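Here is the structure we will look at, set down as C-alpha cells.
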2 protein chains.
Amino acid sequence: MVTIAVDAMGGDKAPVPEVEGAIHAAKQYGHRVILVGDRQTIQEHLDGHATARKLPIEIHHTSERITMHDHAAKAARTKKDSSMHICARLVADGKADGYVSAGNTGACMAIAKMVLGKVPGVDRPALSGVFPTLKGSPVVVVDVGANVDCEPKMLAQFALMGEIYSRLVLKVKSPRVGLLSIGEEEHKGNSLTKETTPLLKELDFNFIGNVEGRDLFSGGVDVVVCDGFVGNVALKVSEGLVELIRNLLKESLAATLSSKIGYVLSRSAYKDFKKRLDYSEIGGAPLLGLKGVCIICHGRSDSNAIKNAIRSAAEFASSHINQRIKEELALIKTGLAKTG
Amino acid sequence: MVTIAVDAMGGDKAPVPEVEGAIHAAKQYGHRVILVGDRQTIQEHLDGHATARKLPIEIHHTSERITMHDHAAKAARTKKDSSMHICARLVADGKADGYVSAGNTGACMAIAKMVLGKVPGVDRPALSGVFPTLKGSPVVVVDVGANVDCEPKMLAQFALMGEIYSRLVLKVKSPRVGLLSIGEEEHKGNSLTKETTPLLKELDFNFIGNVEGRDLFSGGVDVVVCDGFVGNVALKVSEGLVELIRNLLKESLAATLSSKIGYVLSRSAYKDFKKRLDYSEIGGAPLLGLKGVCIICHGRSDSNAIKNAIRSAAEFASSHINQRIKEELALIKTGLAKTG
C-alpha cells in the first residue's frame, strides 16, 4: 500500500480541501494518507465525515505552520516543526512514499531541497506543470517557476527530467520534447534558446525543435522546456485568460432571455467544457530532481485537486522516476553528450 | 486628410483583406489610402467593388514582394522595390502619414528601422501589442517580439514609450505601468526585472510595480513592460488558448440535441462573446520609437483587422507620439533619472 503525506495546513482554505481530498483518495484509490498538521483541527474535520473512520487515514501532529506571508527561505530555516517540514521528513525517513502541499510555493521548494536533497547529477530541481491539451496526453512544462535565471545546461536537464516524467508517469511512448521559443525555425529565439538547442540535439530523445506559445495546449508536443520565468508567465497568462473567457461568456449568455434559455438547454455542454479545461483534474506540479516525491499544489486547490495530487504522488512514487533520472544522468558524459 | 499607405502584398491572403480593409477605412473614416503593390492585381480587386471608384484610394505600383519565407535582414537589404520598402519610403518622404503591413514581421521591422530611422534617444524601437481587456481600455504590452535579449535600460525605454502611446493614442489618463514578473512582490522576478524596477521607479509616471501573467487582460494595468521573448510567448499562449477554448466549446455544444438547440437560442450571445475576444477589432501592433508611423499586422489579418490598423495608424500619426517620445526622452537626464 502506497502512503502519501498531505500538508493539511497548506492551502488557502486548509484544512477543508486537504481532509476531503484525503478521504476521496483513500476511498477511490485505496492509498494510505497521513494528514500532517494540528491534530485537533484535523480531527474535527475528519469527524464531520461519517465514512472517514474506516479509511486508512492517520494524523501526524505538528505545532507550527508556514503561511503565504512567510519569507520562503527564512521559514524553511526556522520553522522546523511546520507541517511542510514534517511532510518532507516523513518521506526522507521512509515513513511516506511522497507528499503533497498546497502551501507557500517558495518555502515548499526550499524545504524539499533541504530535507530530501538533490538527485546526484541534477544542478537544480525543477517545478514541472502538467496541463490538459486539446487531444491526447497532458503536456509537461518544465520549469514553471523554481528557477528564473537559467543556463543552457539547466534547460537540458529540465528536458531530460520532463521527458522521463512524461514517459514513466504519464505513459507517453517516446515523448516529443520541444524548446519554447518565438518561432519554429532554429534561429528564432533568444541567446538562451539558441545555446540550448545544440545540447538538446545531443540528448538521446525525441527532440522536435522549437515550439511556440500557441503549441502549448495543442497536443502536438509532450514536454515543453523553458526557464522558470517564462514558464511561470505562460502558466499565469493561461490561468488569467481562462478566467476572463468564462466571465465574458457568462455575461454574454445572461444578456438576453433567449440566450438564457439557450444556456439552460446546453448546460450539460458547459459542464463538459468546464471539466475539460479544469486543471484540478490533474492535481499538482511535481518537483523533479529530488531524492523523494513532492507534489506542489495551487494555494486555491479544491478537494478534487488534492485528491488528484495524492494520486499523482502515488504514481510518481511507484514509477521510481528519481532513480531513473539519476541513472540516465549518470549515463550522460560531461557536457550532456549523447550516450553510447 | 490623413493619408495611410497599405502594403497590399503583405498578408497571407493578400491583396484581398488589404483592398477590402482600405475600402472600409476610406468609407468609414474618410482617410486617403495608398495601396502599394502590383498595380494590375490591386486594380482587378478594386474593380470588384462598385463603390471603390468614388473613394480616395490610389495605387502605387511596385515590382517586388517580400514573402514569409524570405530571410528578414537579407530581404530588407536587397528587395528595395518591395511593397514594404516603398510604404516606408512614402512615409519617410512625407507622402503618407503612416503605413500598415501584414507581411513578414522581421523584414518589416528591419525595413522600418532602416528607412524611417530611430527617434533620437531610443536605443531599440519596440513592437507593442494592444489587447482587449475585461473592462476599460485596451492594454499595451511592450515588447512583443522585436527585442529578445534586453537590458534594464531598454525595458525602461519600452515603459516610457508604451506609457506615451497609452496616454496619447488610447486616451488613458495617467496610465498604470506594470512590470511583467512572477509575483507581485518586488523581490519576485529574475535578474532583469529586479534591475529594471529601480529605473522604473525613477521615471515620472504611474508605476504600479510588478504584475503577473494573470493580470494581463484584467483591466487592472494599462501598460505591461517585458522583454520581447517573454512578451511574444505570452501573446502566442493567449492566441493558442483562445483557439483551443473555442474548439472545446464548439465540440461540447455539438454533442447533444438539447445543447445544439441551446446553441441556436444563444447565438447572439456567442457573437457578442466572439467580438469581445476579437483581436481584429484593435488591428495591429505599432512599432514605437521610429521617426514615422508603422503598424504591423498579423499575417492572418482579415479586412476588419486591416481597416482597424489603418484607423490606428491615422490616430498614431495625428497624436505626434514620436515627437513626444523624443521630447520626453530628451528631458530625462543620463541613466533615465527623474525629470525636474
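We did not get these values from a lab; they are worked out from the coordinates using the rules stated. Since this is a predicted model, take the numbers as computed values, not measurements. All Cβ positions, glycine included, derive from the backbone under ideal geometry; neighbour counts span all protein chains shown.
With the charge dipole of chain B set up from +1 on Lys and Arg Cβ and -1 on Asp and Glu Cβ about the Cα centre, the Cα lying farthest toward the positive end among the listed residues B:Ile296, B:Ile208, B:Thr3 is that of B:Thr3. Stokes-Einstein diffusion for chain B, with the hydrodynamic radius set to the Kirkwood value over Cα pairs and evaluated at 10 °C in a medium of 1.306 mPa s, equals 76 µm²/s. Neighbour counts of C-beta atoms inside 10 Å place A:Asp149, A:Asp222, A:Asp47, B:Asp7 in the sequence A:Asp47, A:Asp149, A:Asp222, B:Asp7, starting with the fewest. Remark on segment A:83-124: Rg and Dmax equal 10.3, 29 Å (Cα only). Helical content alone sets the calculated 222 nm signal of the protein assembly as shown at -14500 deg cm²/dmol, taking -39,500 (n - 2.57) per DSSP H segment of four or more residues and averaging over every residue.
Name the most mobile residue of B:His69, B:His61, B:His31, meaning the one with the largest mean-square fluctuation, in a Gaussian network model of chain B with Cα contacts below 10 Å. In this elastic network of chain B, the residue with the biggest mean-square fluctuation among B:His69, B:His61, B:His31 is B:His69. Provide, for q = 0.14 Å⁻¹, the log10 of I(q)/I(0) from a solvent-free Debye sum over equal Cα point scatterers in segment B:1-123. Log-scaled intensity ratios, in q order: -0.55. For segment A:201-273, the convex hull drawn through the C-alpha positions has a volume of 110 cubic angstrom per residue. Taking a threshold of 24 Å on the Cα-Cα distance, which of the pairs B:Lys54/B:Lys307; A:Lys173/A:Lys326; B:Lys118/B:Lys153; A:Lys250/A:Lys307; A:Lys236/A:Lys260 fall above it? As for pairs spanning more than 24 Å Cα to Cα, those are A:Lys250/A:Lys307; A:Lys236/A:Lys260. Arranged from fewest to most other beta-carbon atoms within 10 Å of their beta carbon, A:Ile57, B:Ile111 become A:Ile57, B:Ile111. Take the convex hull of the alpha carbons in the protein assembly as shown; its mean projected area over all directions comes to 32.9 nm². Counting Lys and Arg as +1 and Asp and Glu as -1, what is the net charge of the other residues whose Cβ lies under 14 Å from the Cβ of B:Ala75? Result for the neighbourhood of B:Ala75: +2.
Sorted from closest to farthest, the other copies place their B:His69 label points 6.2 nm away, with each point set 7 Å from Cα along Cα→Cβ. Charge tally for B:Val100 (other residues, Cβ to Cβ under 14 Å; Lys, Arg +1; Asp, Glu -1): -3. Taking the radius of gyration and the Kirkwood hydrodynamic radius from Cα positions alone, what is the Rg/Rh ratio for segment A:129-282, to two decimal places? With Rg and the Kirkwood Rh in hand, the quotient comes to 1.08. Find the centroid of the Cα atoms in segment B:97-128 and in segment B:221-242, then give the distance between the two in whole Å. The two parts, judged by their Cα centres, are 19 Å apart. Counting neighbouring Cβ atoms within 10 Å and putting the fewest first, the residues A:Phe158, B:Phe205 line up as B:Phe205, A:Phe158.
Count Lys and Arg as plus one, Asp and Glu as minus one, and take only other residues whose Cβ is under 9 Å from that of A:Gly240; the net charge is then -2.
Summarised as an ellipsoid, segment B:4-69 has semi-axes of 19, 12, 11 Å, derived from the eigenvalues of the Cα gyration tensor scaled by 5 and square-rooted, with the largest first. Put a dot 7 Å past the Cα of A:Arg300, heading toward its Cβ, do the same for B:Arg267, and the two dots end up 3.5 nm apart.
Take the Cα of B:Gln40, step 7 Å toward its Cβ, do the same at B:Glu58, and the gap between the two points is 2.3 nm.
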